[in-house]
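To start, the structure itself, in structure tokens.
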Ligand SMILES: C[S@@+](CC[C@H](N)C(=O)[O-])C[C@H]1O[C@@H](n2cnc3c(N)ncnc32)[C@H](O)[C@@H]1O
């Protein structure tokens, strides 16, 4: 487990505390539609942190070619529909470029500036000139306070919220689906535009636009060389 991250509940989990059996049951909530609208038809996509392929499969169904990366063998074993690579994102260096590098699920909100820079350098290394790096970032409102949300699919609770120096937030997120519960302790960092833009520049990228008015989806592009 990484520092500040951990989890409990049935089945195996990844080094970041994600429960494999929980993600197996998770469905897309429109993310594939948003991504598809932001990129060219038939794009080649490198998806970093693909998990069980929750978004990989819908993107394939929309006609894109996806290479799916995750450090968890158990996660990528759930994505037989496409090429997968088992790797830690910060260390991934393929000799290939893609139209789109996708890194969602708030991986960019890792509470370690050096690790965040490594993630962005991996994005920059794999995007073709003129291509897009699509990032999903956490909003400050998301883990701000304890919350319980119920839906027909189950229950989600945010508890034990700690606001820490440097825009960092620790919280426990518990999902209950079909009578089974998984808890994950998260340590995240909300990013100011200044910090994100600065780290993108350091990685050889530039903040191009927000894809959503709430700024949660970001497009970055490689700086022309
Ligand atoms: C919260 S899950 C989300 C999975 C998927 N993106 C989704 O939306 O369903 C995060 C995934 O990213 C992977 N992950 C997190 N940090 C990683 C890293 N540094 N390198 C490789 N995989 C990572 C985890 O193993 C896990 O499968």
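The values are calculated or read from the model by the stated rules, or taken from the named source; none is laboratory data. What you see is a predicted model; the values in this text were computed from it and never measured. Positions of Cβ are generated from backbone atoms using ideal geometry, with glycine treated the same way; all protein chains shown enter the neighbour counts.
A few notes on this one:
- The stretch 1-23, subset surrounded by fewer than 16 Cβ atoms within 10 Å (Cβ to Cβ) and within 10 Å of the ligand (Cβ to nearest atom), residue modelled with the lowest pLDDT: 2
- Scanning the stretch 47-67 for residues that are under 17 Å from residue 136 (Cα atoms), touching a helix residue (DSSP H, G or I) at 6+ places or on another chain (Cβ under 7 Å) and within 9 Å of the ligand (Cβ to nearest atom) yields a total of 7.
- Residue within the stretch 142-155 that is at positive phi, at pLDDT below 95 and in contact with a helix residue (DSSP H, G or I) (Cβ under 9 Å, 6 or more places away or on another chain) present: yes
- Where a residue in the stretch 28-42 is at positive phi and its partner, wherever it lies, is away from the ligand (no atom under 14 Å from the Cβ) and modelled with pLDDT of 95 or more, with Cβ under 9 Å and at least six apart: 42/63; 42/64; 42/65; 42/99
- Filtered residue count, the stretch 39-61, keeping only those that are surrounded by 16 or more Cβ atoms within 10 Å (Cβ to Cβ) and farther than 24 Å from residue 176 by Cβ: 13
- Lone qualifier among 10, 41 - being part of a loop (DSSP other than H, G, I, E, B) and in contact with a strand residue (DSSP E or B) (Cβ under 6 Å, 6 or more places away or on another chain): 10
- Residue 95 passes every criterion in (1) free of Cβ contacts under 8 Å to residues at least 60 places away in the same chain; (2) out of contact with any helix residue (DSSP H, G or I) (no Cβ under 7 Å at 6 or more places or on another chain); (3) closer than 30 Å to residue 9 by Cα apart from (3).
Conditions tested, residue by residue: (1) under 15 Å from the mean Cα position of the chain (by Cα); (2) over 21 Å from residue 50 (Cβ atoms); (3) surrounded by 15 or more Cβ atoms within 10 Å (Cβ to Cβ).
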| site | (1), (2), (3) |
| --- | --- |
| 108 | yes, no, yes |
| 124 | no, no, yes |
| 143 | no, yes, yes |
| 166 | no, yes, no |
| 181 | no, yes, yes |
| 190 | yes, yes, yes |
| 211 | no, no, yes |
| 218 | yes, no, yes |
| 222 | no, yes, yes |
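- Within the stretch 68-79, the presence of at least one residue that is away from the ligand (no atom under 11 Å from the Cβ) and over 15 Å from the mean Cα position of the chain (by Cα) is confirmed.
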